[in-house]
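The values are calculated or read from the model by the stated rules, or taken from the named source; none is laboratory data. Keep in mind that what you see is a predicted model, and the values were worked out from it rather than measured. Virtual Cβ from ideal backbone geometry, glycine too; neighbours counted across all protein chains shown. Each accessible area value is taken on the protein alone, full model and side chains, heavy atoms only, with ligands, DNA and RNA left out. Shrake-Rupley method; radii C 1.70, N 1.55, O 1.52, S 1.80 Å.
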Amino acid sequence: MKDPITISITGAAGNIGYALLFRIASGSVFGADQPVNLHLIEIEPALPALQGVVMELDDCAFPLLKNIVATADLAEGFKNADWALLVGSVPRKAGMERNDLLGINGKIFTGQGQAIAANAKPTCKTLVVGNPCNTNCLIAMSNATGLPKNQFFAMTRLDENRAKSQLAAKAGVHSSQVTNLCIWGNHSATQYPDFVHAKIDGKPVTEVISDREWLEGEFIATVQQRGAAIIKARGASSAASAANAALDTVMALSTPTAEGDWHSVAICSNGEYGIEPGIMASMPIRTKADGSWEVVEGLEIDDFSQGKIDATIAELKEERDAVKDLIPG
Ligand SMILES: NC(=O)c1ccc[n+]([C@@H]2O[C@H](COP(=O)([O-])OP(=O)(O)OC[C@H]3O[C@@H](n4cnc5c(N)ncnc54)[C@H](O)[C@@H]3O)[C@@H](O)[C@H]2O)c1
Ligand SMILES: O=C(O)C[C@H](O)C(=O)O
């Protein structure tokens, strides 16, 4: 048996948490031979509800689940973490944009970034799900003094999965036949789901779907507005699909990417594609055999795509400027 790995999850008593924990504990994320410890972090008022979740985890008698910690103490919660999944934060309501949450949620990520740096393993990878996730991740990363920036990620995989599903439906194929789908920029209404480089059965999407007006219009708008559409329909923000995408992201960053393909996640720019260094932007990413990752470089960006990328990066710069008080030095 391998040594257990420790997964710390904030907001563990929330809706996404409830959809995440049992899949991790069952072995379906890290493998059937990988024991796990779950460190569940909540705010004090949610600890009684969290105890209920712990009772349910116990009642599953998962063979791979070795230890559960349920706590409001960040040092205890992030101790020895291999992965920190930062979900805990307030979701938006109908009529709000995700960055309307910056004032409420942004400050959560200063203390969490510091606590990860002080208590987690030096190799800990952090994935931010709580919105607005790109800028919350920037705050966490900037406060995690001493940890490499390339261990911080913000989630755009839900957007990738949504985009693949829309393209598949339009082309009359299964979503698994859609590859090379990159979400550029922010997890927001300015994101750019890149249909130009996406492929269906290895062919450019633009050859399979000849309706360019749909691709440039309805397709992009549907993906950009999908979160709002779910809030309108459900009366609550996406939870099961968000948890699924978080686990897809963890797996995509833990296993080598299929030859020629890429996946979407926001990382700290080093200037790739002319994106200002230090901006937490979604780009095409490949995970290598040794577990490290790289940006897929050299994609040709046409004028249409460049305009969309510029718009979403401009929004990320505005968000960064709005939280400058939460970013040290
Ligand atoms: N990036 C994405 O694609 C994506 C997708 C869906 C939802 N989200 C975001 O994920 C977040 C969580 O959504 P949810 O549906 O689980 O919400 P929820 O309200 O059901 O649960 C959030 C939980 O976080 C806890 N929490 C709040 N502040 C905390 C803190 N400082 N430390 C630890 N826990 C804290 C709350 O007590 C609550 O239990 C929201 O911000 C939502 O907008 C992101
Ligand atoms: O839209 C939201 O506020 C929740 C989430 O970010 C989503 O994309 O479903």
Failed condition for PRO91, given (1) part of a loop (DSSP other than H, G, I, E, B); (2) touching a Cys at 6+ places or on another chain (Cβ under 8 Å), with all others met?
-> (2)
Members of the range 125-154 that are buried (at least 17 other Cβ atoms within 10 Å of the Cβ) and without any contact (Cβ under 8 Å) to a residue 60 or more places away in the chain = THR126, VAL128, ASN131, ASN136, ALA140, ALA144, LEU147, GLN151
Given the structure, is ASP59 over 21 Å from the mean Cα position of the chain (by Cα) and either under 23 Å from ASN143 (Cα atoms) or aromatic (Phe, Trp, Tyr) (or both)?
-> no
Looking only at the range 13-39, which residues are within 12 Å of ligand 1 (Cβ to nearest atom) and touching a helix residue (DSSP H, G or I) at 6+ places or on another chain (Cβ under 6 Å)?
-> ALA13, ILE16, ALA19, LEU20, HIS39
ALA228 out of contact with any helix residue (DSSP H, G or I) (no Cβ under 6 Å at 6 or more places or on another chain), in contact (Cβ under 8 Å) with a residue 24 or more places away in the chain and within 30 Å of GLY95 (Cα to Cα) = yes
Considering every residue within the range 304-312, establish whether at least one is within 15 Å of ligand 2 (Cβ to nearest atom), open to solvent by less than 60 Å² (accessible area, probe 1.4 Å) and touching a Pro at 6+ places or on another chain (Cβ under 7 Å).
-> no
Being within 16 Å of ligand 2 (Cβ to nearest atom), part of a helix (DSSP H, G or I) and at pLDDT 95 or above narrows it down to one of LEU158, LEU167, so name that one.
-> LEU158
The condition of being open to solvent by 40 Å² or more (accessible area, probe 1.4 Å), modelled with pLDDT under 95 and in contact with a helix residue (DSSP H, G or I) (Cβ under 9 Å, 6 or more places away or on another chain) holds, among ASN99, ASN80, ASN105, only for ASN99
Out of THR222, THR249, THR206, which single residue is of a type in the set (Val, Ile, Thr) and open to solvent by less than 30 Å² (accessible area, probe 1.4 Å)?
-> THR249
Residues in the range 181-198: is at least one open to solvent by 60 Å² or more (accessible area, probe 1.4 Å) and out of contact with any Phe, Trp or Tyr (no Cβ under 8 Å at 6 or more places or on another chain)?
-> no
Answer from ALA266, ALA236, ALA228, ALA242 - the residue that is within 14 Å of ligand 1 (Cβ to nearest atom), assigned to a strand (DSSP E or B) and closer than 30 Å to SER28 by Cβ | ALA266
Does ALA94 satisfy the condition of being within 16 Å of ligand 2 (Cβ to nearest atom) and over 25 Å from MET251 (Cα atoms)?
-> yes
Got at least one residue in the range 73-91 being near ligand 1 (Cβ under 10 Å from one of its atoms) and over 17 Å from ALA154 (Cα atoms)?
-> yes
